[in-house]
1. Quick check on this structure: which one of 437, 376, 441 is of a type in the set (Ser, Thr, Tyr), within 16 Å of ligand 2 (Cβ to nearest atom), in contact (Cβ under 8 Å) with a residue 40 or more places away in the chain and under 20 Å from residue 281 (Cβ atoms)?
2. Only one residue in 153, 127, 93 is within 28 Å of residue 6 (Cβ to Cβ) and among the aromatic types (Phe, Trp, Tyr), so which one is that?
3. Kindly evaluate residue 36 against the criterion of being of a type in the set (Gly, Ala, Ser), exposed (fewer than 14 other Cβ atoms within 10 Å of the Cβ) and either touching a Phe, Trp or Tyr at 6+ places or on another chain (Cβ under 6 Å) or closer than 26 Å to residue 109 by Cα (or both).
4. Please verify whether region 556-566 includes one or more residues that are assigned to a loop (DSSP other than H, G, I, E, B), more than 19 Å from residue 605 (Cα to Cα) and of a type in the set (D, E, K, R).
5. Can you pull out every residue in region 34-52 that is among the aliphatic types (A, V, I, L, M) and away from ligand 2 (no atom under 16 Å from the Cβ)?
6. Scanning for something part of a helix (DSSP H, G or I), at pLDDT 95 or above, open to solvent by 40 Å² or more (accessible area, probe 1.4 Å) and out of contact with any strand residue (DSSP E or B) (no Cβ under 9 Å at 6 or more places or on another chain), does region 625-642 turn up at least one residue?
7. Return the pairs, sorted by first residue and then second, in which the second residue is open to solvent by 40 Å² or more (accessible area, probe 1.4 Å) and basic (Lys, Arg), the first residue lies in region 88-99 and is in a loop (DSSP other than H, G, I, E, B), the beta carbons are less than 8 Å apart, and the residues are 6+ apart or on different chains.
Amino acid sequence: MGLLALGTALSWHESRSYNDRLKTEGIEQLLAVFKAASKRDNDTLFWGDEIEYMMIEYDDSEKNAMLDVNDDCILKILNTDDLPVCNANDVHFHPEYGRFMLEATPLKPYEGYAGNYVEYNMNKRRFVAEKKLSEITEQKSKARFGFLTLSVFPRMGCDEFINVPNMWNHKNSASRSLFLPDEVINRHIRFPTLTRNIRTRRGEKVCINVPMYKDHNTPKVDDSIYERDCFSPEDQESALASKPGFIYLDAMGFGMGCSCLQATFQAPNIEMARYLYDAFVNFAPIMLAASAAAPAFKGWLADQDVRWNVISGAVDDRTPQERGVPPLLPKSNKNGFGGISEEAQSSSKRIPKSRYSTVDLYLGGNKFFKRSYNDTEVPINDRVMNRLMENHIAPLDFDLAKHFAHLYVRDPLVIFEEDLQQDNQTSTNHFENIQSTNWQTLRFKPPTQDATPENKKVPGWRVEFRPLEIQLTDFENAAYSAFLYLLAEFFLTFSERVNCYIPMSHVWENMDRAHHRDAVLEAKFFWKDRFDGSDDCTAKEYSINEIFHDEKNGIFSTFIIPILRHKRFISKTWEELKNSSDHVRLFHYLKLISDRASGKLPSTARFFRDYILSHPDYKHDSKISKTINYDLLEMCDRITHLDDSRNEVSMFLGQEIGDYITNNVLFTYR
Ligand code: ADP
Ligand code: MG
Ligand code: MG
Ligand code: MG
Ligand code: MG
Ligand code: MG
């Protein structure tokens, strides 16, 4: 993505009159893509990861670690003056929601199994970014700065959590949050507009109630909520929206300010992309639980371990009507229609889930799929459904049409005036407007109209895996990426004989359970008894340990070992990799994931939670003070840079992995 183009972003009230037109044109653009690209075949298994970073300032005298919102110029520099450096290092930097955030990918996708290169490339991304940040900051400040890959900043929204003096001198008219000034939001007009338009369409501030971890001195209510009379009516909402026993969050930044690890895989053709997508569906909740790294929000320990439902609530633009609840303040949100125009109110319908949520529908299109597996309530846009199925351009089958018709129950969130006129034969702008603001656990990524079967220079049909929590070290992030890659290669290799379907309602249930504190050890998840080519879709409940390690239907025995054998990396067990000549690092990747699944190693969430609970400054009130946060983030910084002088790397990743990675660095950061 690189830098975003400048433009005039329309407010919700200006943009909503274009909604129908943009959706109609977006669907024409999609049909043009299908016409051009549905016959594409034999595309290479290109793939790539995305990593999201937080810029941190460490104030050693005050013992405070803050989000750095002053140095966002770094993105522009890395995409202009320093572009040659980035290109030479095969790294690429992208904007993210937070002004304190940066996203980075490899410049060129990997081709097939990429061994140690993935981690090496992650090392270089971090190195290039940190070097630039220190150049920018050393001219103006004596403080220390750095990048961390944290799923959530534990004191997001607390006093002095960003490095702006007197942060409440600044109005926050975009989010109107009681806790987050608009300085957390990326300065590009797209991001404050997204924030404002979501709130306006919804007719209320967004609202997330995260279960609070209960210790003996924990207050009964979130006592950080305060009375304010700055924005009417939003300032009256919080008392009504918050619930006793929950941490109350009221802004998009609490969610989109979280970081994650994503990976995108290209399939040889559209049928295989659909198959891969469907095969990954139930891996999303399992891998979310197995990567848990978010135990704290807004300065409180939470009674959950992952970020997902926080983001889900943070961008939930549904009106009270669509959610099926009464408005918080009926006087200012008449009949709960939020910002829906009067003409559109009669066609407003109930929408069970936020536009950021788990996958809604299998895509089907293969011999194992049965329509009955899509057994949840999923509204569709009937007009889109009809057009996609009945046209002379490229008619879609029912199941694929339904996928897009569901995405199209959402409205555009940001429309740029300059983008209103598009050539539907060459642009996918309007299609992407809806597609890219449907944030599901997986994304089915169609190509563009120039992706004809002959034109291999542009990407084909891809599937993105999105639920993973980001991990502290490049080693861990490379491990989860390698694991996903092996799964993807397995599915693309053995698609003829592997059936992964379970009823979608079980997947939704798994997603809920993946949030529970220590779900990785304590929750049970729906998982199949058998993955052979039979059409049995029965699922039973298993622990994560069983799901990874069961001899009969576990992930290692069913998927990882067969693909490693197929690749001739091993003959019997994955542990053989330890003594191989080329794949010792892969052994440690798999060991990390295996040991976390069995509980031999703590999840990142558990490790952070234990650190907080045992900190001398902790008062058994579930609160994370500045000092605790500072010490925690300092430790994170050492672990990230593989500094094991205090034995923290070895405690976190175990002695064996700790020794291996500190003795076998791929790249020296400092
Ligand atoms: P988005 O934010 O839409 O997911 P990004 O550009 O941030 O897109 O990330 C896309 C990822 O897909 C990157 O890691 C990139 O390396 C990878 N990628 C690029 N081209 C291909 C391709 N043809 N097939 C698969 N992955 C690709
Ligand atoms: Mg991206
Ligand atoms: Mg991102
Ligand atoms: Mg994000
Ligand atoms: Mg992505
Ligand atoms: Mg993106």
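The values are calculated or read from the model by the stated rules, or taken from the named source; none is laboratory data. Just so it is clear, the structure is predicted and the values come from calculations on it, not from any experiment. Methodologically, a virtual Cβ is constructed for each residue, glycine included, from the backbone with ideal geometry; neighbour enumeration extends over all protein chains shown. The protein model used for the area step is the full one, side chains on, heavy atoms only, and it has no ligands, DNA or RNA in it. Shrake-Rupley method; radii C 1.70, N 1.55, O 1.52, S 1.80 Å.
1. Working: 437 fails: under 20 Å from residue 281 (Cβ atoms); 376 fails: within 16 Å of ligand 2 (Cβ to nearest atom).
Sole residue among the options that is of a type in the set (Ser, Thr, Tyr), within 16 Å of ligand 2 (Cβ to nearest atom), in contact (Cβ under 8 Å) with a residue 40 or more places away in the chain and under 20 Å from residue 281 (Cβ atoms): 441.
2. Details: 153 fails: within 28 Å of residue 6 (Cβ to Cβ); 127 fails: within 28 Å of residue 6 (Cβ to Cβ).
Every option except 93 fails the conditions.
3. On the way: of a type in the set (Gly, Ala, Ser): yes; exposed (fewer than 14 other Cβ atoms within 10 Å of the Cβ): no; either touching a Phe, Trp or Tyr at 6+ places or on another chain (Cβ under 6 Å) or closer than 26 Å to residue 109 by Cα (or both): yes.
It is false that residue 36 is of a type in the set (Gly, Ala, Ser), exposed (fewer than 14 other Cβ atoms within 10 Å of the Cβ) and either touching a Phe, Trp or Tyr at 6+ places or on another chain (Cβ under 6 Å) or closer than 26 Å to residue 109 by Cα (or both).
4. Initial filter on region 556-566 (assigned to a loop (DSSP other than H, G, I, E, B)): none.
No, because not a single residue in region 556-566 is assigned to a loop (DSSP other than H, G, I, E, B), more than 19 Å from residue 605 (Cα to Cα) and of a type in the set (D, E, K, R).
5. Going through region 34-52, the residues among the aliphatic types (A, V, I, L, M) turn out to be 36-37, 45, 51.
Matches in region 34-52: 36, 37, 45.
6. From region 625-642, those part of a helix (DSSP H, G or I) are 626-640; that's our starting set.
From what is left, the residues that are at pLDDT 95 or above are 626-640.
Keeping just the survivors that are open to solvent by 40 Å² or more (accessible area, probe 1.4 Å) gives 626-627.
Next, from what is left, pick out any that are out of contact with any strand residue (DSSP E or B) (no Cβ under 9 Å at 6 or more places or on another chain): none.
No, region 625-642 contains no residue that is part of a helix (DSSP H, G or I), at pLDDT 95 or above, open to solvent by 40 Å² or more (accessible area, probe 1.4 Å) and out of contact with any strand residue (DSSP E or B) (no Cβ under 9 Å at 6 or more places or on another chain).
7. Listed by first residue and then by second, the contacts come to 90/108; 99/187.
For every residue, the table says whether it meets (1) surrounded by fewer than 21 Cβ atoms within 10 Å (Cβ to Cβ); (2) among the basic types (Lys, Arg); (3) assigned by TED's automatic domain parsing to the domain that holds residue 263.
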site	(1), (2), (3)
20	yes, no, yes
48	no, no, yes
54	no, no, yes
60	yes, no, yes
63	yes, yes, yes
73	yes, no, yes
80	yes, no, yes
85	yes, no, yes
93	no, no, yes
